[in-house]
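Here, each number is a calculation from the coordinates, and none is a lab measurement. Owing to the predicted nature of the structure, the values given are computational and were not obtained by experimental measurement. Glycine gets a Cβ as well: all are built from the backbone with ideal geometry, and neighbour counts include every protein chain shown.
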Amino acid sequence: MQTSFLFICILLVPVISSQKVPTGCVEIKHAKIQKYLVVSHSASHDEDRRHVTYSRTPEQWLLYSDEGHYRILHQRLLEDLFVSAQTWKGRYVFTWMPKERIENGLWDVLPAGRGKFILRNAYYKDCLQTVGSFGWVQAYPECRGSDFEWEIQLADC
């Protein structure tokens, strides 16, 4: 029995670690609540930052490799997705409106298996999640479990 469990684990580890990150024009959907990552069109946080939320209607993002990590850029607005130093029950997540690169706008896209990914900010090491965030997407340090899993699918831009 233990031998067969070990054999199954040996077979599954390469599948999870070889899960390819889709790059280019993508749609990002939270696997648990089945809603898409979108920017808030109703309110900006301030002159430089736009809130990030979720919706049943997808928006497209540009996901590409950069400096050994990834950048996630809103396709239409060309604004970097980033995690803020500002916190309240988790770090705030915004897009950066000045259209220049921002240090905390790099991401690690970690395979979670079953076609899902964890989106971890390379600067703060916090991960995107939606549960209990009152409509906003926030980032938390836990990074484990279905609350942190996202589906990334290629889209037409």
- [ ] Step through the table entries K29/K125; K20/K99; K32/K99; K20/K89, compare each Cα-Cα distance with 23 Å, and write down the pairs that go over it.
- [x] K20/K99; K32/K99; K20/K89
Open item on the list: Starting from 0.36 nm per residue, how many nanometres of slack lie between T87 and E67 once their C-alpha separation is accounted for?
Closed with: 4.6 nm
TODO: Give a residue-ordered list of calculated ³J(HN,Hα) values for the range 60-69 (Karplus: 6.51 cos²θ - 1.76 cosθ + 1.60, θ = phi - 60°; whole Hz; x for Gly, Pro).
DONE: 9, 10, 9, 10, 8, 6, 7, 6, x, 10
Task: Answer label, with Rg/Rh (Cα atoms, Kirkwood Rh) calculated from the coordinates and candidates (1) 1.00; (2) 0.95; (3) 1.06 - done: (1)
Task: Cβ-derived FRET efficiency at R0 25 Å, R76 paired with R101, nearest 0.05 - done: 0.85
Open item on the list: With +1 on the Cβ of every Lys and Arg and -1 on the Cβ of every Asp and Glu, and nothing else charged, how large is the dipole of the range 21-154 about its Cα centre, in debye rounded to the nearest 20?
Closed with: 460
TODO: Subtract the Cα-Cα distance of K35 and E142 from 0.36 nm times their separation in residues, and report this length gain in nm to one decimal.
DONE: 36.4 nm
Open item on the list: What does the C-alpha gyration tensor say about the overall shape of the range 82-157? Classify as rounded when a/c is under 1.5, otherwise prolate if a/b is larger than b/c, or oblate.
Closed with: oblate
- [ ] May I ask you to evaluate 6.51 cos²θ - 1.76 cosθ + 1.60, the Karplus curve with θ = phi - 60°, for each residue of the range 47-56 and list the ³J(HN,Hα) values in order in whole Hz, giving x for glycine and proline?
- [x] 5, 10, 10, 10, 4, 10, 9, 9, 8, 6
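How much length is gained if the chain between K125 and C25 is pulled fully straight, taking 0.36 nm per residue apart and subtracting their Cα-Cα distance, in nm to one decimal?
33.6 nm
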